[in-house]
1. Once the piece of chain linking L366 and R229 is laid out straight, how much longer is it, given 0.36 nm per residue of separation minus the C-alpha distance between them?
2. To the nearest 0.05, how large is the calculated FRET efficiency for A183 and I296 if R₀ is 30 Å and r is the Cβ-Cβ distance?
3. Please list 3J(HN,Hα) in residue order for segment 206-214, calculated via the Karplus relation 6.51 cos²θ - 1.76 cosθ + 1.60 where θ = phi - 60°; whole Hz, with x for glycine and proline.
4. Counting DSSP beta bridges with both partners in the chain, what percentage is antiparallel, nearest 5?
5. In straight Cα distance, which lysines are under 20 Å from K336, not counting same-chain residues fewer than 8 positions off?
6. Which whole-Hz couplings ³J(HN,Hα) result when phi for each residue of segment 196-201 is put into the Karplus expression 6.51 cos²θ - 1.76 cosθ + 1.60, θ = phi - 60°, listed in order with x for Gly and Pro?
7. Would you grab the residues whose amide H sits under 5 Å from the one on V307? Only those 5+ places off in sequence or on another chain, please, with H modelled 1.01 Å from N.
8. With θ set to phi - 60°, apply the Karplus curve 6.51 cos²θ - 1.76 cosθ + 1.60 along segment 130-135 and write out the HN-Hα couplings as whole Hz, x wherever there is a Gly or Pro.
Amino acid sequence: MIQEINGKSAISGAAFISDGRFGNIQNFKDYVTNEFDVIDFEKNAIISEIDKRIYDLIDINGEIGQEAARNILIAEDFKKIKNIISSKDLVNPLKDITDSINYYIHKIHDIGIDLQDVDIFIVQEFPHPFENVIGTAVNFDKADKIKYNIDEGIYFQENRILPFATSILAAHEIIHKIASINAPYILARGLEEGLCDYLGTLFLCGEKIGVPLCLNYILNLRFGFSPTRFSERYRTSLQQAAVFYIYFGFEGLFELAREGRIKIEDSEKHLLNGDIDNIKIDKKGNWIKEITDFSIRILNFENTLVVSPLALLIAQKIHLGDNINEFFRENNINRKEGQSAIKELQDMYFVLISDGEKITSDRSKLYLDTNVMRYSLSLGD
Ligand SMILES: [Zn+2]
């Protein structure tokens with residue numbers, strides 16, 4: 001099936017590079033994008049549909065309970081998505097992928113790595129025996145040609161291609177391509193995944209579209225899905241690469257990519273053992289402050305603070321010492337639902353504590369200000 005590029009794909013792609021408060025990007029996309037299926041891939045049409053949706057979402061009748069809170073938070077995230085779509089060119093993602101790959105090859109060449117032309121394949125499913133791989137893109141290398149007779153190149157699954165997001169993913173894939181030059185027969189896994197996030201998504205793509213959007217993309221991709229063994233593995237690889245980067249900088253990461261998979265596996269072993277001093281890297285240097293700060297952030301990321309919408313909304317507004325019933329009255333919050341949302345925050349590792357009348361302890365601002373406290377779309381118990 002050829003996916004139609006429309007308003008829905010634009011919203012989905014833009015969500016990936018936004019700093020939305022949603023706790024799970026997949027659920028968020030599934031929940032909010034349906035109406036955009038019939039909207040053309042055209043900036044003004046998409047923006048006016050977003051405006052309509054925001055208008056409806058914040059049109060609250062009666063008290064604020066979980067459902068109204070969810071609508072208010074979604075409206076806030078729609079505003080962020082709207083900002084992205086209005087400030088960027090809407091480019092057909094297939095063209096964007098090709099242009100981006102040419103840009104990345106150019107940059108890689110400037111760094112002193114000679115990368116031959118990269119072939120791009122847009123496919124309905126990945127070639128045999130990888131047809132069941134769930135993912136948007138895979139780099140098939142020399143070893144895949146020898147073992148499975150798959151032509152070398154980066155393969156994209158057509159029905160998963162998104163504006164904004166897939167051209168960022170292409171930067172990740174192109175680093176696999178570099179890493180596969182030496183020892184392609186070793187499977188690309190583990191630390192190599194984190195290496196691709198760092199060199200591809202953060203470094204190469206950061207230069208192209210600006211680092212902040214790439215940081216959002218990484219957070220959404222690696223911390224914004226329901227945990228599965230698969231996603232946790234990618235997250236660990238990212239964190240391993242973060243430690244490597246803090247020690248050796250982008251110079252060290254590029255040396256690792258150039259050296260290839262034997263060195264990558266060896267480095268992963270030392271990271272797993274904790275004996276990082278045994279990693280032999282000649283070049284060290286080139287740290288980018290924003291990315292160094294981000295590296296510390298993802299090593300400390302608190303992933304357990306996805307709460308119900310009303311709990312998040314209350315946490316944003318309530319303060320230490322507030323009388324709870326007065327707070328509900330003043331903020332038009334439904335008392336019963338509000339009380340169970342406060343209980344939720346208390347049960348959740350004491351983010352808030354109340355004595356039944358007043359708020360007696362409040363750690364919520366710490367988690368809100370650092371953006372780790374996010375909302376789920378489910379409406380609590
Ligand atoms: Zn990968």
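Taken together, the values in this text are just the output of simple stated rules run on the coordinates, not laboratory data. Note that this is a predicted model, so its numbers are computed, not measured. Glycine gets a Cβ as well: all are built from the backbone with ideal geometry, and neighbour counts include every protein chain shown.
1. 46.4 nm
2. Values: r = 32 Å, r/R0 = 1.05.
Computed FRET efficiency for A183 and I296 comes out at 0.40.
3. x, 5, 7, 10, x, 4, x, 5, 5
4. For the chain, the DSSP antiparallel bridge percentage is about 50.
5. K336 reaches K317, K358.
6. So the J values, rounded to whole Hz, are 5, 4, 6, 6, x, 5.
7. The answer is R374, Y375, S376.
8. With the stated coefficients, segment 130-135 comes to 10, 5, 9, 5, 8, x Hz.
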